[in-house]
Each structure stands twice: as structure tokens, then as C-alpha cells.
1. Do any helices (runs of 4 or more DSSP H) lying entirely in segment 60-152 carry at least 3 residues that are assigned by TED's automatic domain parsing to the domain that holds A179 and in contact (Cβ under 8 Å) with a residue 40 or more places away in the chain, and which ones are they?
2. Give me a count of the residues in segment 142-183 that are within 24 Å of A123 (Cα to Cα) and among the β-branched types (V, I, T).
3. Step by step: first the residues of segment 22-42, then only those that are acidic (D, E) and farther than 15 Å from M1 by Cα, then the one that is surrounded by the fewest Cβ atoms within 10 Å (Cβ to Cβ). Which residue is that?
4. Hey, does segment 13-29 have a residue that's of a type outside the set (D, E, K, R), within 24 Å of G98 (Cα to Cα) and outside any helix (DSSP H, G or I)?
Amino acid sequence: MSTRILVVGDYFVTVPLLKRALEVEIQDQTPIELRDLTLPWPDVAFGQIAEVEEASGSEDELIAALEGVQICVTQMAPLTEKVLAAAPDLKLFVVTRGGPVNANIPAATKHGVAVCYAPGRNATAATEHTMGVLLATMRRIPETHAALQQGHWKSDYYRYENCGIELEGATVGLIGSGAIGGRIAHILKSFGCNILIYDPYVAPDAFAATLTDRLTACASDPGDERYDRRGTTCADAQRFGLDQLCAWLIAGL
């Protein structure tokens with residue numbers, strides 16, 4: 001007897017993507033029957049559905065699609081008390097995102113439905129985005145691009161104190177060494193950076209430094225006056241108890 005799996009995609013994590021991933025993992029080990037449903041996100045914003053958050057679609061359409069289904073794989077389908085009560089065959093609800101905010105975990109436990117999710121799912125995308133923002137900020141790409149779009153060739157950007165710095169040889173501090181931080185460190189190493197890491201959740205002797213220590217170390221480079229002459233930042237020094245914070249602070253989300 002085959003296992004019925006409902007693949008609930010949307011226009012970002014699509015049904016074909018989920019189906020291919022399942023086929024690679026399962027191969028010919030277990031007979032399966034795949035059904036599918038497509039939710040309207042991101043064309044229609046996600047939101048709260050009944051008691052769960054960041055969900056898409058509706059309870060009724062999910063209930064209809066879950067008839068006779070043992071496993072549901074989705075990013076944003078709403079696993080609510082109403083859905084669980086109407087899906088007696090459901091045994092496993094797979095959320096393909098970092099947290100199962102669209103699933104009512106206590107209700108699922110009560111109904112005997114296991115819920116799993118994928119921490120760090122977007123780690124590679126977040127890492128690449130962070131590197132893009134880092135390079136764009138250091139080389140002032142958004143500013144120069146905006147000026148050029150307006151028909152201005154800002155030749156003063158070629159002045160030494162105005163042009164961007166290079167990553168090679170720069171000191172880069174990472175707050176956190178998890179799924180994203182570890183990948184960023186790997187990439188930065190290939191750029192020839194001096195990497196400093198602060199992570200309060202690892203063993204105390206792994207990175208023996210405070211956050212202030214790391215920010216101070218990254219705040220300036222005595223060999224390059226540009227760190228001090230053009231220190232635009234989104235963090236103020238007083239917040240971290242520093243006299244000066246001439247560094248870029250980039251959030252890798």
C-alpha cells in the first residue's frame with residue numbers, strides 16, 4: 001500500500017521543487033502517491049489563520065486536500081485545530097522553513113501528528129545576501145549606482161578617502177558562528193580576511209572575547225585612514241559602550 005503525501009507549495013517554494021526533493025530522498029524505497037496544492041503566497045500576503053501565524057491559503061481548502069493523506073509537506077499551509085480534527089489520517093506534518101509558526105504544536109501533539117521543520121534552511125541564501133551587502137557597502141556600490149542613474153558621474157569617488165576599502169587583509173567580526181556565521185567565515189577566509197568571532201552560545205574557551213572586544217578590534221585599521229575619515233554605520237558607539245565605532249555593522253538575516 002502506498003503512502004499518500006500532500007505537497008503544498010506556493011509561488012516561492014513551488015510544488016515542483018518540493019516534489020523533486022522528495023523523489024531524491026525517497027527514491028524507490030517506499031511506494032508513494034503524491035498530491036499537490038498551491039497556495040497564493042507571495043502574490044497574496046501571508047498572515048494569521050485561526051490560531052497560527054504566517055500562514056497562507058485557507059483551512060477549508062487544506063482539509064479537502066488532506067483527505068486520506070498521511071504526510072503533508074509545506075512551507076505555509078495552516079495546521080490548525082480545525083484542520084487536525086478534520087484530517088484523521090494525517091501522521092506527519094513537514095514544515096520546510098526555519099520554524100513551524102504555521103502549525104499548532106500542542107493541537108498536533110494531542111491528535112498524534114508529528115511536526116518537523118528545517119532549522120537553517122535559508123542559511124546559504126542569507127550568507128550570500130550578507131556577502132552581497134558587505135561588498136556593496138564597502139565599495140559604495142548603491143551610492144555610485146544611484147548617482148549614475150541620475151546622470152551624475154561622481155569623479156570625487158576616486159579620491160582615496162572616498163573610495164571603498166578592500167576585504168583582503170581587513171578584520172571582520174562575526175556575531176554568531178551558527179549556520180549562517182560559519183558559512184560567512186568560510187567565504188571571508190577565501191578573501192584573505194582576519195576573522196574574529198563572538199558567540200555566547202558556544203563553549204567559553206572557544207572564542208574567549210566579549211562583543212565589545214570584537215567590535216573594538218574591527219573598529220579601525222591604523223594602516224588605512226579611510227576607516228576613520230568615512231565611518232558611516234548603522235550602530236552608535238554608545239550602545240556598545242565604545243568611544244568610537246568606525247565600522248560597518250551588517251545583519252545577516
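1. Passing ranges, in order: 123-138.
2. 4
3. E25
4. Among the residues of segment 13-29, at least one is of a type outside the set (D, E, K, R), within 24 Å of G98 (Cα to Cα) and outside any helix (DSSP H, G or I), which makes the answer yes.
Here's the yes/no breakdown for (1) aliphatic (A, V, I, L, M); (2) exposed (fewer than 11 other Cβ atoms within 10 Å of the Cβ); (3) on the phi < 0 side of the Ramachandran plot:
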{"residue": "T124", "(1), (2), (3)": "no, no, yes"}
{"residue": "T127", "(1), (2), (3)": "no, no, yes"}
{"residue": "M131", "(1), (2), (3)": "yes, no, yes"}
{"residue": "M138", "(1), (2), (3)": "yes, no, yes"}
{"residue": "Q150", "(1), (2), (3)": "no, yes, yes"}
{"residue": "K154", "(1), (2), (3)": "no, no, yes"}
{"residue": "G164", "(1), (2), (3)": "no, no, yes"}
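The values are calculated or read from the model by the stated rules, or taken from the named source; none is laboratory data. Note that this is a predicted model, so its numbers are computed, not measured. Ideal geometry is used to build each Cβ from the backbone, glycine not excepted, and the neighbour counts take in all protein chains shown.
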